[in-house]
Amino acid sequence: MTRALTIALALALAVPLAVRAEDDAALEAIVSSGASTAVAVDRSWLYNDSARVAAPGRAIGLARVTYGTGSPTRAFAGNTGTAGGLLEIGGEVGLANRLSAVAIGAQGEDAGGSAQTGGMLGLRWSVLPASMRSTQLVLSGGYIRELQGHSGAWGRLTLGQDAGRTRLAASLHGERIFASGRDSVDLMVTAGATVRMTEVVRAGVEYVGQDLEGMFGDEAEGGARHILGPVVSAALWSQRVSLVGGPALALGAGQARAVGRVAVACQF
């Protein structure tokens, strides 16, 4: 896992530094209505899904490392049930105007030290036109394979809002795992707020609620889980590279009392 993480970080940071910076409007825009000129990676969350998609012809590479104790569950960014270390490596590619494809692979270990793998594939569609810079709405969905090996389908609706130096995000994630003894639908929500402290640094807080269907009836997977913690991000090299990190407190059935996560993303 360490070797894979080292390779991922090296690839993400091996970006030409002599590229001319674009103007502020282009750096802020990930969704481009014309020819692709966006270079800002704009991935400043640890658990929230980004409310912008990769511009046509652009690719975003990412790597995340999470450490905690508990029960490993899902292989996606908002997962709150990590046991030991969990490594995620993947990327997003802009296919067309306001449409991208995403693929993420995950590897972790169970309580006995056995390696487990999972991943997700899907499409992301930016619903609102690029002219609406301050408000973003992304609809996404696809295939998921849990760390335990079960397969399923997932869908997500993500809302983002920029208001001056403040950025807000919220999402609703649903999935159906095709295995006996599982819930008909698993629900998760995320929310967060950050403030731009300097030209390159943002700081704020994020919340994740997982398996929330357990709050309204019988739940087959141990009940609702919650996580809350601070997040700090830095946009480097003309905003082409994003570094994000932060600790969090996890509460709920089978949850760790503390979770830590760091992530790096790079726009190509």
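Couple of notes before you dig in:
- Per residue accessible area in Å² of the range 154-198, where ligands, DNA and RNA are left out and the probe is 1.4 Å: 47 Å²
- Chain lengthening between Val201 and Arg257 when straightened (0.36 nm per residue, less Cα-Cα): 17.4 nm
- Other residues whose C-beta falls under 13 angstrom from the C-beta of Gly142 contribute a net charge of +1, scoring Lys and Arg +1 and Asp and Glu -1.
- If R0 is 30 Å, the Cβ-Cβ spacing of Val185 and Ser114 corresponds to a FRET efficiency of close to 0.55.
- Inter-centroid distance (Cα atoms) of the range 228-268 relative to the range 116-147, Å: 19 Å
- Under the convention that each Lys and Arg Cβ holds +1 and each Asp and Glu Cβ holds -1, the size of the dipole of the range 147-194 around its Cα centre is about 120 debye.
- The range 158-218 shape via C-alpha gyration tensor axes, a/c threshold 1.5: prolate
The values are calculated or read from the model by the stated rules, or taken from the named source; none is laboratory data. Here the structure is a predicted model, which means the values were calculated and not measured. Virtual Cβ from ideal backbone geometry, glycine too; neighbours counted across all protein chains shown. Ligands, DNA and RNA are stripped out before the accessible areas are found, and what is left, the full protein with its side chains, is counted by its heavy atoms. Shrake-Rupley method; radii C 1.70, N 1.55, O 1.52, S 1.80 Å.
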